[in-house]
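The structure under discussion appears below in the form of structure tokens.
The values are calculated or read from the model by the stated rules, or taken from the named source; none is laboratory data. Because the structure is predicted, anything quoted here is derived from the model rather than measured. We place every Cβ from the backbone using ideal geometry, glycine too, and count neighbours over all the protein chains shown. Note: accessible area is taken over every heavy atom of the protein model, side chains too, but ligands, DNA and RNA are not part of it. Shrake-Rupley method; radii C 1.70, N 1.55, O 1.52, S 1.80 Å.
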Amino acid sequence: MKIAIIGTGYVGLPTGVGLAELGNEVCCVDKIKEKISALNAGELTLYEDGLEELFKKNVKAGRLSFTTSMAKAVIGADVVLLAVGTPPHPETKEADLQYIYAAAKELAQYLDGYTVIATKSTVPVGTGDEIEEIVRKVSPQADFDVISLPEFLREGFAIHDFFHPDRIVVGANSSKACEVMKQLYAPFEGKTEFLWVKRRSSEAIKYASNAFLAMKIHYINEMANFCEKAGADINEVAKGMGTDSRIGNKFLNAGPGYGGSCFPKDTNAMAQMARKYGVRLNLIETTIAKNDERKAEMAERVIAKIKNNPQGKIAVLGLAFKGGTDDCRESPAMDILKELLKHSNNIAVYDPKAMQNAEKLLGNQVMYAKDVYEACDEAEILVILTEWEEFRNLDLHRIRGLMKAHKIVDLRNMLNADAVKKSGFDYSCIGMNS
Ligand code: UGA
């Protein structure tokens, strides 16, 4: 099939690569000329595990191309996927739909033959109706359907998730559009669950899922606070809870609060959307407020540890909003660093992939170390903020030799508490009386 993808970000690009790998002819379009030039020159514009190999393979095979021309991508396409950003409005926190609407208006000019316009971006319930109206206004004669095709890929695991989805949700009010989707997703037939639902239900499923996962994280973080006081161990408690299949063992890692470009944005948008319908989502509103507070509380824990020597160097490991990505948007690490910077001008940072993106946000306020050990050199305290696998196996003996004082605050519970303490560190982590 011929597919056009509008937007080459963390959703559009991996989806485009995945659909090309399934044998489709995919053309990705983006307004940002530099991005398209880089992609056409064979350079990826973001980091995703496993993306590069499939990207190169499919470009070489002629199944994957990139353009700034909407006409080139959309003319003759069977399916047009909308994967542009829906950032939060700075004041209202509602999803800002200007990019979606602009893309709909533009693509409408080039529809020829029956086309399915599928929204991959996370959009408020009812946006499909709006898109339909916009397209019809621009091209009254066009033969098209607008469907909701929510995306559940996780950053850092996007390629894995593309090929192993838990489910594929199609929100369509037309059986003709469903037939096209059955054809597109035929390789997943019998391998994953398909949900054929109303367009508005599909739009709601995406928000309800992200908000629930955010709430699950908030819940385990509250339990961690409780365990610290009650002398229980959150890792053991999470394991005990997670073995109940009704609860599930995923998303029970206590930490410094959730971040990223999705959960903070989508929980806010969900709460605002519900208020418009006169419904208060109290659990979600509490989750949002408490998650914001948590990051400040985490910074306070670190500051309390260095109050006797505020000039002492702080070594920070991890800047991305989670392991496996270079993305620092709404990263808890960034919020915590901003708090730490109010108390210290002696901070060295290291992240395996996110240094460049972090530098755009932090500028010259911190020292950028080339590795863990340079960051720890002469440091008073070591703080772990992102769950990168390489932080699990630190050479504690070497780090002890490099540091001036021997304090570790592990906000991702990456290290083995007993081993770290045995190595002579003052160690604190989340959810246990360490
Ligand atoms: C999230 C959803 O998991 C995807 O299903 C969805 O497609 C995506 O948003 C989206 O809407 O596009 P993502 O933002 O990539 O994916 O990140 P997650 O892996 O969900 O992690 C989000 C945040 O929660 C991170 O800061 C992470 O460190 C934190 N987290 C996650 C925890 O603190 N504890 C956990 O147990 C799990």
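Results, tabulated for the structure shown:
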item: Any hit, segment 313-322, residues being open to solvent by 30 Å² or more (accessible area, probe 1.4 Å), at positive phi and in contact with a Gly (Cβ under 9 Å, 6 or more places away or on another chain); result: no
item: Residue check for LYS182: closer than 23 Å to PRO14 by Cβ, open to solvent by 60 Å² or more (accessible area, probe 1.4 Å) and away from the ligand (no atom under 11 Å from the Cβ); result: yes
item: Extreme residue, farthest from the ligand (Cβ to nearest atom), among residues of segment 247-273 that are more than 13 Å from ALA208 (Cα to Cα) and free of Cβ contacts under 8 Å to residues at least 60 places away in the same chain; result: ILE247
item: Meets criteria (in contact with a His (Cβ under 7 Å, 6 or more places away or on another chain), modelled with pLDDT under 95, surrounded by fewer than 20 Cβ atoms within 10 Å (Cβ to Cβ) and in the same structural domain as VAL316 (by TED's automatic domain parsing)) for SER434; result: no
item: Yes/no for ALA77 being within 24 Å of ASP326 (Cα to Cα), open to solvent by less than 40 Å² (accessible area, probe 1.4 Å) and more than 18 Å from the chain's Cα centre (by Cα); result: no
item: Among (1) of a type in the set (Asp, Glu); (2) under 22 Å from the mean Cα position of the chain (by Cα); (3) open to solvent by 10 Å² or more (accessible area, probe 1.4 Å), the one test that GLU48 misses; result: (3)
item: From the options ASN291, ASN308, ASN346, ASN357, residue that is assigned by TED's automatic domain parsing to the domain that holds ASN253, free of Cβ contacts under 8 Å to residues at least 24 places away in the same chain and among the polar types (S, T, N, Q); result: ASN308
item: Boolean, LEU46 is aliphatic (A, V, I, L, M), under 25 Å from ALA102 (Cβ atoms) and modelled with pLDDT under 95; result: yes
item: Matching residues in segment 146-162 - criterion: being within 7 Å of the ligand (Cβ to nearest atom) and in contact (Cβ under 8 Å) with a residue 12 or more places away in the chain; result: GLU151, PHE152, LEU153, GLU155, GLY156
item: Any hit, segment 211-226, residues being open to solvent by 50 Å² or more (accessible area, probe 1.4 Å), away from the ligand (no atom under 15 Å from the Cβ) and not acidic (Asp, Glu); result: yes
item: Residue in segment 342-354 that is of a type in the set (A, V, I, L, M, F, W, C), within 16 Å of the ligand (Cβ to nearest atom) and either at pLDDT 95 or above or open to solvent by 50 Å² or more (accessible area, probe 1.4 Å) (or both) present; result: yes
item: Among residues of segment 391-401, those that are out of contact with any helix residue (DSSP H, G or I) (no Cβ under 7 Å at 6 or more places or on another chain), under 20 Å from ILE430 (Cβ atoms) and more than 16 Å from the ligand (Cβ to nearest atom), counted; result: 1
item: Tally, over segment 163-202, of residues that are of a type outside the set (D, E, K, R) and within 20 Å of ASP78 (Cα to Cα); result: 19
